[in-house]
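Presented below is the structure to which this report refers.
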Amino acid sequence: MRLNWIDTADDLANFCKSIGKKPLAVDTESDHFHAYNAQVCLIQLATEEAAALVDPLALEAHEMAPLFEILEDQEVCKVLHAARNDIIEMDRDYGVGLNNLFDTQIAARFLNYERNSLNWMLEELIGVDTGDQYQRYDWTTRPLPEEVQRYAGDDVRHLLELRQRFTEELKEEGWFEAFNQQCTYVAGASVHRSKEFDPEKWRKLRGADRLNGRDRAALAALFKYRHQLCEELNQSAVTFFPNAALMRLVKYKPTDLGQMANIKGMPQALVDDHGQGIIDVIAASKADPIPPEELPDDERDRRPRPSEAERARYNALRKWRNQKADQLQIPSPFIGTNATFGELAAAAPGTVDELLRIDGILPWHCELFGDDLLAICRGS
């Protein structure tokens, strides 16, 4: 199957026109490892006849409208593997959703396969040699080397074959309807939620809980400064200003560039380009108020404590779920996540209609488990 590179509006429109209502395999690649604010850098598409790599970095959002229409078209089945992140990232960058999802990872988990990674499926079920992996590749690179394009294309070339295989097996095992509902739920629930910078998140760094007061002040100041730098340069902290370097700066508090360069593991580019700024921040932090060892209660993210009856329902629901999952040989989160059961325990529904108002409770749950769930909520 020939792999087309698409970086013009006309080529994308023509490829989308050729898709019609045929099932479409989809994948995306983003620059999480290298960028502070990630973006979709590549979109892989495949039908049974053709495959394409779409370059969203070369296209305006309005030029991608033909593809967006297909993604949201209920009549076109979109086949993805572990689709949640792909859907969230398309929503983040373009405000686009996805309808009629067939998720091969969800299928493999319903079918109790030994493993459910795409590489394992391609190698063990399709017989494809997946070759080199590029999970940490910089997907903003242009032009993409031929071997990288081939790797990206392989992520979608065989998804339609997996769909055909899994559809038959899901029907044989009696899970096809439950699988479809699960996919619909995942597609609808996978939306981007922006997160504001939390200036107190330095407290979660390894070793932060052992720092003295003045070191805590230095770390808090450096943590905020790192955020400003990473956002300004759009470089990820893990590659540009890693946590280990942050903690060593707090420990040694260099006062000149020479001292900073001699700190083990300190990225040289960080010293060369931003070393003096870091030194200035450390020096200024000596006058900063000392952060408390722990945040006051009113600044913590605390949820109301559940009642004794609610805790009993929650524990009973989880125990029942784990036993049922073992019996049916499906993942326990498919029956209900901890979050869903927390909401269920708090609401204590008394009818099936009330059950269905709980986020994550689907019609197939009510059909198979409704009586059990209601009985547990009643305490019987």
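Among the residues of region 308-338, those identified as in contact (Cβ under 8 Å) with a residue 60 or more places away in the chain and surrounded by fewer than 16 Cβ atoms within 10 Å (Cβ to Cβ) are 309, 312, 329, 331.
Could you list, in sequence order, the residues of region 184-203 that are under 19 Å from residue 94 (Cβ atoms) and either surrounded by 12 or more Cβ atoms within 10 Å (Cβ to Cβ) or of a type in the set (A, V, I, L, M, F, W, C) (or both)? Listed by number, the residues that qualify are 186, 187, 188, 189, 190, 191, 192. What do you reckon, is residue 190 in contact with a Lys or Arg (Cβ under 7 Å, 6 or more places away or on another chain), hydroxyl-bearing (Ser, Thr, Tyr) and in contact (Cβ under 8 Å) with a residue 12 or more places away in the chain? Considered against the rule, which asks whether it is in contact with a Lys or Arg (Cβ under 7 Å, 6 or more places away or on another chain), hydroxyl-bearing (Ser, Thr, Tyr) and in contact (Cβ under 8 Å) with a residue 12 or more places away in the chain, residue 190 comes out as yes. Counting only strands (runs of 3 or more DSSP E) that sit wholly inside region 7-109, those with at least 2 residues that are over 19 Å from residue 188 (Cα atoms) are 24-30, 40-46, 51-54. Screening region 211-247 for residues that are more than 16 Å from residue 197 (Cβ to Cβ), crowded, with 17+ Cβ neighbours inside 10 Å and of a type outside the set (A, V, I, L, M, F, W, C) and picking the one that is nearest to the chain's Cα centre (by Cα) gives 242.
Exactly one residue out of 290, 278, 282 is among the β-branched types (Val, Ile, Thr), surrounded by 12 or more Cβ atoms within 10 Å (Cβ to Cβ) and not in a helix (DSSP H, G or I), and it is 290.
Computed from the coordinates by the stated procedures, all read-outs in this text should not be read as laboratory data. Computed from a predicted structure; not experimentally measured. Positions of Cβ are generated from backbone atoms using ideal geometry, with glycine treated the same way; all protein chains shown enter the neighbour counts.
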